[in-house]
Amino acid sequence: MSAVQADTLDAVGTAQQVRIAIIGAGPRGTSVLERLLAHAAARPVRAALHIDVIDPYPAGPGHVWQPGQSRLYLMNTQSFYPTLIPEDPALAPPVAGTTFNGWRARQQHRPLPSLAMEEKSELAALGSGDFPSRALYGRYLRCTLKELLERLPDGVTVRFYETSAESVVPAGDGTFDVALAGGGSLRTDSAVLALGHIPSRLNPEQRELQSSAARLGLRYLPPAVPADVDWDAVPGGEPVLVRGMGLNFFDALGQLTEGRGGKFIDAGPRLDYQPSGQEPLIIAASRRGTPYRTKAALNAYYPASVRLRYLTGAALERFRAAGIRPGFDHDLWPLLHRDAVWAYYSTLVRSHPGAVAEPAAFLEALDVALHPHAHSAANWEDSMAGVLATHVAPRHRLDLRGLAAPLAGRSFASRAELDAAVVEYLMDDARRSALGEEDPVKMAIGALHHGRAVLKTAVADGGITDESWVSGLRGWFESMVEGLASGPPALRAEQLAALARAGVVSFVGPDPKFGLDRRTGMFTAASPWVKAPPVLAKTMVEALAPANRVSANDSPLLKQLLADGLVRPRLMMTAEGAPVQATGLDVSPHPYRPVAANGSVTRGLYVLGLQLSAAQWGTAIAAEAVQPGGPNYPSGQRTLRDADEIARAILGR
Ligand SMILES: Cc1cc2nc3c(=O)[nH]c(=O)nc-3n(C[C@H](O)[C@H](O)[C@H](O)COP(=O)(O)OP(=O)(O)OC[C@H]3O[C@@H](n4cnc5c(N)ncnc54)[C@H](O)[C@@H]3O)c2cc1C
């Protein structure tokens, strides 16, 4: 039997009758454990319950949230957001624990003696609206698991294995054998796959860059969880090409600047950067040519002034009642688009009174133009354009697609000109974020952010058509909304602008092409929209997470399950009728069980989290704590309900 965790999470008891193996003990796997304990405590189990928890990383934080990682890695959700513990009165009450915010407040008054100095000092200054370090969230997960284990209901035993599960094989009598890396195996009645962010094979272009880099003696850092990357391997004083300007980019930036001893200095109206001299010259590239837009400064997860009027639960119910499985582009986006338009112009009227000549008449006319008429052949966008032409000057109008592609249609005579344009964009974005609820652009984005929560319900509960999932939701909307509504706090835009002004960061431009220059033996990147020689670098960093695609996974366990036909990727039909492999597993709801290659559903095997990405949308986010004043969308704690359903199915409730 392989190593058992050597602290208070040691094995507790040995009696076994109903046996469960939880494979993966990050937040999702820990949620299943929490729900099993909650149900066992609510109605004592008739048979003794034995739970084996398997993860090569310490249970609770798992891989992503290791408490020892650099404190420069921040969460991109605020303290009030995440929770491991459900707050739904319809579910069995938890045996222990609270939300992250509840734990934060408790630690500020009565810190656990086991907290490290740096944890105490972070907690001392951390407010409900601040962005915690990932390390601190990991400490919360660890402490919460410990609290749960201190309240084990009678008849329940838990054992931890700090290793990977390498295979799950049916044993023939309805049980499974789970083989552990390093030897040994566990017999279990049920197995829960909560594998989360697993390694992925590189795509052909990445493989080519990696193998050419090895041949030419260059450094290629493939997609990874940022805390796994050896940032010391990136040499200072020379160019490094960074592909991707999403959240991982800001992690890379932090490690290569502040992490190297540089300092941001508050220089009155703006930030300045004082280099340490150890930084590389960071050359950043992404399809848009700009980073994700930063979050608006709000006291809540959703802007309070924005309430959806069109893409609502009632609208989804109307589709259901009419027997319509909605299409994204045809049915759902036109509603959400209207919501974004209304959020923009209602904010404009409120915060820029001079921008619209007759605000009341304008909003009334806009209301009529946006009203969804089920049996009208009129085009609402034409009606809206007519209203805008009458009431709003062109410079005050919303260009939603343009927001997501701020450099589209522009070209630059030099790299310096491009860098100046990106700095201007960053400062404008940070200024808008600071205006919060008063900025029309940020409120249009706020409507999309609200809409994302409703879309998650539409996708997971009623489902949308395959073709619109492929070409609409994942085809264009996901990347647009990610770039607009999933960004970092505004401070990051100000920091990036400061780094660009200090000459530590430069940009490649939109639609970059990457390659290797055989003559110089270096990586190259160039944008067709910037008149400048290609950028050359000996180091290239992919600032991306490994692809979440089961068919490209590099996990021995998932490969075995696919090879043995115990699971299969879901196939979806495109508009042309061609089947395409979706990113997630084929599953039957509820609870989610994998569909085998032969179409059967294996009893006793369960899935939750990221591998559900062909049944749910937006699976890679923590469960959302109930927000005082709401709105509290059903999708916010879906993952906890998924865990609850698995626990109930296992316990036969
Ligand atoms: C870098 C990063 C930052 C993020 N930041 C945020 C944020 O700020 N806010 C937010 O809400 N969400 C964030 N997320 C989203 C994140 O997906 C969720 O918050 C959460 O971690 C998902 O939990 P999980 O348990 O499904 O997956 P994971 O956290 O990935 O945990 C899965 C666990 O399974 C284990 N495992 C995998 N295969 C096996 C195997 N064969 N045998 C045994 N164990 C195995 C892994 O070691 C891992 O510990 C972030 C994700 C990443 C990668």
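The values are calculated or read from the model by the stated rules, or taken from the named source; none is laboratory data. The shown structure was predicted, so the numbers you read here are calculated from the model rather than taken from an experiment. Positions of Cβ are backbone-derived with ideal geometry, glycine not excepted, and every protein chain shown enters the neighbour counts. Please note that ligands, DNA and RNA were not included when accessible areas were found on the heavy atoms of the full protein model with its side chains. Shrake-Rupley method; radii C 1.70, N 1.55, O 1.52, S 1.80 Å.
The figures follow:
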{"quantity": "Residue within the range 37-48 that is within 16 Å of the ligand (Cβ to nearest atom) and out of contact with any strand residue (DSSP E or B) (no Cβ under 8 Å at 6 or more places or on another chain) present", "calculated": "no"}
{"quantity": "Residue tally, condition assigned to a strand (DSSP E or B), within 30 Å of the chain's Cα centre (by Cα) and away from the ligand (no atom under 15 Å from the Cβ), over the range 131-157", "calculated": "0"}
{"quantity": "Single condition Trp469 does not satisfy, out of (1) in a helix (DSSP H, G or I); (2) buried (at least 21 other Cβ atoms within 10 Å of the Cβ); (3) within 16 Å of the ligand (Cβ to nearest atom)", "calculated": "(3)"}
{"quantity": "Residues located in the range 207-231, provided they are acidic (Asp, Glu) and either part of a strand (DSSP E or B) or more than 27 Å from Gly26 (Cα to Cα) (or both)", "calculated": "Glu208"}
{"quantity": "Single match in Ala385, Ala405 (criterion: at pLDDT 90 or above and in contact with a Lys or Arg (Cβ under 6 Å, 6 or more places away or on another chain))", "calculated": "Ala405"}
{"quantity": "Qualifying residue in the range 34-49 (condition: part of a loop (DSSP other than H, G, I, E, B), modelled with pLDDT of 95 or more and within 25 Å of Leu561 (Cβ to Cβ))", "calculated": "no"}
{"quantity": "Any hit, the range 234-256, residues being of a type in the set (D, E, K, R), crowded, with 17+ Cβ neighbours inside 10 Å and touching a Lys or Arg at 6+ places or on another chain (Cβ under 6 Å)", "calculated": "no"}
{"quantity": "Given (1) in contact (Cβ under 8 Å) with a residue 12 or more places away in the chain; (2) part of a helix (DSSP H, G or I), number of the condition Asp428 does not satisfy", "calculated": "(1)"}
{"quantity": "Single unsatisfied condition, Gln495 versus (1) among the polar types (S, T, N, Q); (2) in contact (Cβ under 8 Å) with a residue 24 or more places away in the chain; (3) over 21 Å from Trp231 (Cβ atoms)", "calculated": "(3)"}
{"quantity": "Enumeration of residues in the range 53-67 that are under 19 Å from Val178 (Cβ atoms) and near the ligand (Cβ under 6 Å from one of its atoms)", "calculated": "Ile54, Asp55, Pro56, Tyr57, Gly62, His63"}
{"quantity": "Hits in the range 609-626 - residues which are on the phi < 0 side of the Ramachandran plot, out of contact with any Pro (no Cβ under 8 Å at 6 or more places or on another chain) and crowded, with 18+ Cβ neighbours inside 10 Å", "calculated": "Leu610, Gln611, Leu612, Ser613, Gln616, Trp617, Thr619"}
{"quantity": "Residues within the range 627-641 that are open to solvent by less than 20 Å² (accessible area, probe 1.4 Å) and without any contact (Cβ under 8 Å) to a residue 60 or more places away in the chain, tallied", "calculated": "0"}
{"quantity": "Residue check for Ser185: hydroxyl-bearing (Ser, Thr, Tyr), open to solvent by 50 Å² or more (accessible area, probe 1.4 Å) and either out of contact with any Asp or Glu (no Cβ under 7 Å at 6 or more places or on another chain) or within 10 Å of the ligand (Cβ to nearest atom) (or both)", "calculated": "no"}
{"quantity": "The listed residue being within 16 Å of the ligand (Cβ to nearest atom), more than 23 Å from Gln637 (Cβ to Cβ) and touching a residue at least 24 places away in the same chain (Cβ under 8 Å), out of Leu72, Leu115", "calculated": "Leu72"}
{"quantity": "Index of the failed condition, Tyr310 passing every other in (1) in a loop (DSSP other than H, G, I, E, B); (2) among the hydroxyl-bearing types (Ser, Thr, Tyr); (3) open to solvent by 30 Å² or more (accessible area, probe 1.4 Å)", "calculated": "(3)"}
{"quantity": "Criterion: in contact with a Lys or Arg (Cβ under 7 Å, 6 or more places away or on another chain) and in a loop (DSSP other than H, G, I, E, B) - qualifying residue of Ala304, Ala300, Ala296", "calculated": "Ala296"}
